[in-house]
Amino acid sequence: MIDLSKYHLEKYNVPTPRYTSYPPANYFRDDITSEQAEQIIFQSNSEKPENLSFYLHIPFCSRNCLYCGCNTIITRDKNRIDQYVNSLKNELSIVANLIDGGRKISQIHWGGGTPNFLPVEYVEEIMSLFKQRFDFIEQPEIAMECHPAHLTYSYLDRLIEAGFNRFSLGIQDFNSRVLETVHRDDTAIPVEDLVFYLQQQKKLSVNLDFIYGLPFQDVASFKNTIQKAIKINPARLAVFSYAHVPWIKKAQKKLEQFGLPDSHEKITMFLTAHDLLTDAGYRDIGLDHFAKPNDELTKALDSKALHRNFQGYSTRVTTGQVYALGTSGISQLSNAYLQNTKDLKKYHAMIEQGHLPVVRGYVLNKNEKIIRYVIDELMCNLHLSWDKTAAYFDTTPKAIKEITRNSDEQLSEFQNEGLIAFNNHEVEITQTGKFFIRNIAATFDPLMKTSDKKFSKAL
């Protein structure tokens, strides 16, 4: 097992942004109007990348998983679901009218909540609207995050017919005691059977997602879970650190009565999973994703062309500016972030009035775009070229260093600890350093010099 020193673990297991965006979402402002959002989306037509990536947030679930940090609504009320789908269609129409018709979709990602909690005919109707309004690149990524408890073979068949070619199955753990404690319903069809069924389809890929740091997990039990996952043989796996943020998600407080693994147990769970997966031939992608050597993500990492957004890692081919639909969805555009209201009644009302349901956001200046680029390169490709970054933004390496407020003194400290290697031209994250990549990235973030924001711990 990779040996991470107690010194490193104690020093770097501190509250740190996850950097799925820069600036992080808790820096978004509440003064962006729907009219401003429309103008921002219209302006995005002249920005790069030209490709379109859509995110659809489906908030509905049958049960509240206690670990969940997402925007969810627990309901089985068909009328509420019908109304939401109608609003989603209308929102798609509003956004589509602002986008140039010549731009093509490279990615559609359904998240939640539980997207496959929707009746499949609703999914088919919305996918049909996308096909009516837009053209697609030759091999787009059409993905859905699925709860296995709500999957049937016939449902999967219809999703595949509608164009879906990537499925992320939220397993979380194979230990029934863990699942019962966190209120996670077990799979309806054995996971190995689901994955085998999907793998028989051409040009289709399966992810399995797991969480470590939950009650009743320990190194031995999580090892068993990952060993079972390896036998199932998905194309990719994700092993996420449970983010305990009860000040945001009050339901998480209930998990404290069962006890949560301490930081040492938690990091040992991850390192055990890491070693098992890499020994089995998977390559580690970023901090918590793993893919087979012939996977497109692995190839993108090797060519330093890996990208990331709120939906996860992607290649430059499928990368697009992200246009989010549904409650709480966050659009990630070249110049701005736009977040929809989380309030369901307000969402319906704004759509009914013909307005975008945007209530928060952030417009980036040039310096912030540079910082975002730097952090993305480190988080995705474990590498930063000062010269390449300067050329991309038509400036100098010295200016980039000044904007990120990074110093050779900070970099030397990381280098002396074996976390990076650097010179005047580039920064390279080491094998040990990738476990502390969030901490390294934070030193390139001027906001962290004076931040009073709250974040989950890095490890």
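Using only alpha carbon pairs under 8 Å that are at least six residues apart, calculate the relative contact order of segment 2-158 and give it in whole percent.
25
Let me spell out the model: positive unit charges on the Cβ of Lys and Arg, negative unit charges on the Cβ of Asp and Glu, origin at the Cα centre of the chain. What dipole size does that give, in debye rounded to 20?
Result for the chain is approximately 540 debye, rounded to the nearest 20.
Run the numbers on segment 215-287 and let me know its relative contact order in percent, using alpha-carbon pairs under 8 Å that are six or more apart.
About 53 percent, as a whole number.
Hey, what does the equivalent ellipsoid look like for segment 49-201, semi-axes from the Cα gyration tensor as sqrt of 5 times each eigenvalue, largest first, whole Å?
The answer is 28, 19, 13 Å, longest axis first.
For segment 432-439, what does the Karplus curve 6.51 cos²θ - 1.76 cosθ + 1.60, with θ = phi - 60°, yield as ³J(HN,Hα) per residue in whole Hz, taken in order and with x for Gly and Pro?
Result, rounded to whole Hz: 6, x, 5, 6, 10, 4, 5, 5.
Taking all pairs of different Cα atoms in the chain, averaging 1/r and flipping that mean, what Kirkwood radius in angstroms comes out?
Here the Kirkwood hydrodynamic radius works out to 22.9 Å.
Go ahead and estimate [θ] at 222 nm for the chain from helices alone: -39,500 (n - 2.57) per DSSP H run with n ≥ 4, summed, over the residue count, rounded to 500. Intermediate results must be reported in sequence, preceding the final value.
Numbers: 16 runs with 167 residues, N = 459.
One gets -11000 deg cm²/dmol as the mean residue ellipticity at 222 nm.
Give me the mean projected area, in nm² to one decimal, of the convex hull enclosing the Cα positions of segment 252-404.
In nm², the orientation-averaged hull projection of segment 252-404 is 13.4.
Taking the Cβ of Ser407 as the center, what net charge do the other residues with Cβ under 13 Å away carry, scoring Lys and Arg +1 and Asp and Glu -1?
Local net charge: 0.
Would you mind checking the pairs Lys202/Lys292; Lys89/Lys345; Lys253/Lys342; Lys254/Lys345 and listing those with alpha carbons more than 23 angstrom apart?
Lys254/Lys345
Between Asn97 and Lys369, 0.36 nm times their residue separation minus their Cα-Cα distance comes to what?
Extra length available between Asn97 and Lys369 comes to 95.2 nm.
Given points 7 Å out from each Cα along the Cα-Cβ axis, report the Gln410 to Thr430 separation in nanometres with one decimal.
Between Gln410 and Thr430, the label points sit 2.0 nm apart.
Extension gain Lys250-Glu352, at 0.36 nm per residue separation less the Cα-Cα distance, in nm? Each step should come with its number before you reach the end.
Details: separation 102, 0.36 × 102 = 36.72 nm, distance 3.12 nm.
So the extension gain works out to 33.6 nm.
For the chain, what is the percent of antiparallel DSSP beta bridges, rounded to the nearest 5? Can you show the working numbers first?
Details: 27 of 63 bridges.
Among the beta bridges of the chain, antiparallel pairing accounts for roughly 45 percent.
Remind me, relative contact order of segment 25-325 in percent, using alpha carbon pairs under 8 angstrom and six or more residues apart?
Across segment 25-325, relative contact order equals 21 percent.
Just in segment 258-308: which chymotrypsin sites (Phe, Trp or Tyr not before Pro) are loop by DSSP and have at most 14 other Cβ atoms within 10 Å? Intermediate values should be presented prior to the final figure.
Details: sites: Phe258, Phe270, Tyr282, Phe290; in loops: Phe258, Tyr282.
Passing both the DSSP loop test and the Cβ count: Phe258.
Using the structure shown, list the pairs from Lys401/Lys434; Lys228/Lys299; Lys304/Lys401; Lys250/Lys449 with a Cα-Cα distance above 23 Å, or answer none.
Lys228/Lys299; Lys250/Lys449
If amide hydrogens are placed 1.01 Å from N in the peptide plane, which non-local residues have theirs closer than 5 Å to the one on His109?
Answer set, sorted by chain and number: Phe54, Tyr55, Leu56, Ala143.
Is the shape of segment 218-342 rounded, prolate or oblate, going by the alpha carbon gyration tensor and its root eigenvalues a ≥ b ≥ c, with a/c under 1.5 for rounded and a/b larger than b/c for prolate?
Note, shape of segment 218-342 comes out oblate.
Quick check: from the Cα gyration tensor, does segment 368-459 come out rounded (a/c under 1.5), prolate or oblate?
Oblate, because a/c is 1.5 or more while a/b does not exceed b/c.
Enumerate the whole-percent occupancy of each 10 Å bin, from 0 to the last occupied one, for all C-alpha pair distances of segment 110-150.
The distribution over segment 110-150 is 25, 50, 24, 2, given as percents.
Going by a ≥ b ≥ c, the root eigenvalues of the Cα gyration tensor, does segment 1-135 fall in the rounded group (a/c under 1.5), the prolate group (a/b larger than b/c) or the oblate group? List each step's numbers first, then the result.
Values: a/c = 2.05, a/b = 1.36, b/c = 1.51.
Here segment 1-135 falls in the oblate category.
Restrict the search to segment 347-456; then list the trypsin sites (Lys or Arg not before Pro) that DSSP places in a loop and that have at most 15 other Cβ atoms within 10 Å of their Cβ.
In loop regions of segment 347-456 (DSSP not H, G, I, E or B), the sparsely surrounded trypsin sites (Lys or Arg not before Pro) are Arg405, Lys453, Lys454.
What is the distance, in nm, between label points placed 7 Å from the Cα along the Cα-to-Cβ direction at His264 and at Lys388?
Output for this residue pair reads 4.0 nm.
Note the direction-averaged projected area, equal to a quarter of the hull surface, for the Cα convex hull of segment 155-199, in nm².
For segment 155-199, averaging the hull's shadow over all directions gives 3.5 nm².
I'd like the Karplus ³J(HN,Hα) series for segment 129-145: coefficients 6.51, -1.76, 1.60, θ = phi - 60°, whole numbers in Hz, and an x wherever there's a Gly or Pro.
Rounded to whole hertz, the list is 5, 4, 5, 6, 8, 9, 8, 10, 5, 4, 10, x, 9, 10, 10, 9, 7.
If we count every other residue with Cβ under 10 angstrom of Gln139's Cβ, Lys/Arg +1 and Asp/Glu -1, where does the sum land?
Residues near Gln139 contribute -2 overall.
Considering the alpha-carbon set of segment 210-255 alone, what are its Rg and its Dmax in angstrom?
Both quantities, over Cα of segment 210-255: 13.1, 38 Å.
For Ala96, what is the net charge nearby, where nearby means another residue's Cβ is under 14 Å from its Cβ and Lys, Arg count +1, Asp, Glu -1?
Net local charge, Ala96 excluded: +1.
Enumerate the amide H contacts of Gln321 below 5 Å, restricted to partners 5 or more residues apart or on another chain; note that Pro and chain-start residues carry no placed amide H.
Asn51, Ser53
Values in this text are rule-based calculations from the coordinates and carry no lab data. What you see is a predicted model, and the numbers here were worked out from it, not measured in a lab. With ideal geometry, Cβ positions are generated from the backbone for all residues, glycine too; neighbour counts draw on all protein chains shown.
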